[in-house]
Protein chains: 2
Amino acid sequence: MDIAILLFERITALDAIGPYEVLSRLPGARVRFVAEKPGTHRTDCGLGLVSDEPLEAVPRPEILLVPGGFGTRSLEREAPVLDWIRGAHAASTLTTSVCTGALLLGAAGVLRGLRATTHWAQLERLREFGAEPVSERVVVQGKVITAAGVSSGIDMALHLAARLAGDSVAQAIQLSIEYDPAPPFDAGSLAKAPPEVVKLVRGVIARAGSQ
Amino acid sequence: MDIAILLFERITALDAIGPYEVLSRLPGARVRFVAEKPGTHRTDCGLGLVSDEPLEAVPRPEILLVPGGFGTRSLEREAPVLDWIRGAHAASTLTTSVCTGALLLGAAGVLRGLRATTHWAQLERLREFGAEPVSERVVVQGKVITAAGVSSGIDMALHLAARLAGDSVAQAIQLSIEYDPAPPFDAGSLAKAPPEVVKLVRGVIARAGSQ
């Protein structure tokens, strides 16, 4: 089972690594990190993630996963990446995104007429691509599955694991990565975070996005 | 604030990237990925993570984070790594581990006489290093903080964020990464997973560990 995860400059690492940690444990899975220009891709905080193959080496993955990050902004106008997404989606079993990866699926035309989600701060942007923004953690529309911000990719990947290999395998992966979440606060969504915290984060995102 | 995360061959990516995604968002944080031999380090499933600096370049980080993975087995006898952990711990504000990273803290002598945790499948091994194994998600013993398996590093890092920068900043980071977990199953701990799932995972771990 070929799984392709797109890498690029200014990716958010956890968008890719959360699902990777789940999907790479699926029996028979082969996860391939692909990029327009293979090599080391840096996050905004300097971590380097390595892609080994160019997009054209994996034109028809069974599962396509597009992570997010501030780097998606420029990729929304990057024809080779959008062409690859379109081509891969035409043949895929599952086409998926985490966080602002959904904006790339949207720019490639994949989300037209579908319900979809992305990071809460970018949710309304989905309308630009003809999608209906939905404030849910994982949104399933046939073979197109979008997840909310960053950490939601772990939950999405467990959904995918159950769909691909059954509930027991998905539960075994959950236990392997000891995913029994216990955050010290309950502030992980727009609905739950205190207003002053929401304001703080909106400010940080606005500054980072303008760099 | 200098934060050093140790990389090595056969690391579990999420052990490092979960906390990285939280800690790198702390105001004033500088996360540095260090290794005995800087360069690309491969997980068991082929992903490459890049460390840019040798251990000796960051001898006294304020925060030391040791992730886990099958690669920790050989590092338990790797003097330069253990010496670095000891030296860093002597001067650190916080000495932390995720998953089997705790076994490296143990091998370096850091856990002697302390309560500590690690991945559930390796918990009893902590006794070899004079620690008291505790089946909790995050165990705080003064400045030494250990987390359970893989995904628990995200929860631990939010604890660290609150301790270092206050509750509002920790909540802001939680909202930034939209960490409002909603796994489709409740099988993420030894106590919660069905017995047949536990058996399945023990088999997979035994096979992987013997490679």
Exercise. What is the packing order of peptides A:1-9, B:6-14, B:146-154, taking the mean over residues of other C-beta atoms within 10 Å and listing the highest first?
Worked result: B:146-154, B:6-14, A:1-9
Exercise. Tally Lys/Arg at +1 and Asp/Glu at -1 over every other residue whose Cβ is under 12 Å from the Cβ of B:S168; what's the total?
Worked result: -1
Problem set entry | Average beta carbon contacts from partner chains per residue of B:147-153, 10 Å cutoff | 5
Seminar exercise, completed: Output row for A:T93: copy-to-copy label distances, label 7 Å along Cα→C-beta, ascending, in nanometres, one decimal, is 4.7
Problem set entry | Computed [θ] at 222 nm, helices only, for chain A once each DSSP H run of length n ≥ 4 contributes -39500 (n - 2.57) | -10500 deg cm²/dmol
For this session: Before anything else, pin down the relative contact order of the stretch A:45-180: Cα pairs under 8 Å, at least 6 apart, normalised by residue count, whole percent.
Result: 19
Exercise. Measuring label to label, 7 Å along Cα→Cβ, what does B:K143 give against each other copy in nm, shortest first?
Worked result: 5.5
Problem set entry | Positive minus negative residues near A:D155 (Lys, Arg vs Asp, Glu; Cβ under 12 Å) | -2
Problem set entry | Buried area at the A-B interface (accessible, heavy atoms, 1.4 Å probe, summed, Å²) | 5300
Problem set entry | Carbon + sulfur, % of accessible area of the stretch A:99-157 - ligands and nucleic acids excluded, 1.4 Å | 46
Exercise. Along Cα→Cβ at 7 Å, what distances in nm separate the A:A79 label point from those on the other copies, shortest first?
Worked result: 6.0
Problem set entry | Protection-proxy order for peptides A:198-208, B:80-90, each taking the mean of Cβ atoms within 10 Å per residue, highest first | B:80-90, A:198-208
For this session: Give, as a single signed number, the net charge of other residues whose beta carbon lies under 14 Å from the beta carbon of A:G71, with Lys and Arg counted +1 and Asp and Glu -1.
Result: -1
Exercise. If one computes the Cα centroid of the stretch B:39-92 and of the stretch B:150-211, what distance in Å separates the two points?
Worked result: 21
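The values are calculated or read from the model by the stated rules, or taken from the named source; none is laboratory data. Bear in mind the structure is a predicted one, so any value in this text is a computation, not a measurement. Cβ sites come from the backbone with ideal geometry, for glycine too, and all protein chains shown count toward neighbours. Please note that ligands, DNA and RNA were not included when accessible areas were found on the heavy atoms of the full protein model with its side chains. Shrake-Rupley method; radii C 1.70, N 1.55, O 1.52, S 1.80 Å.
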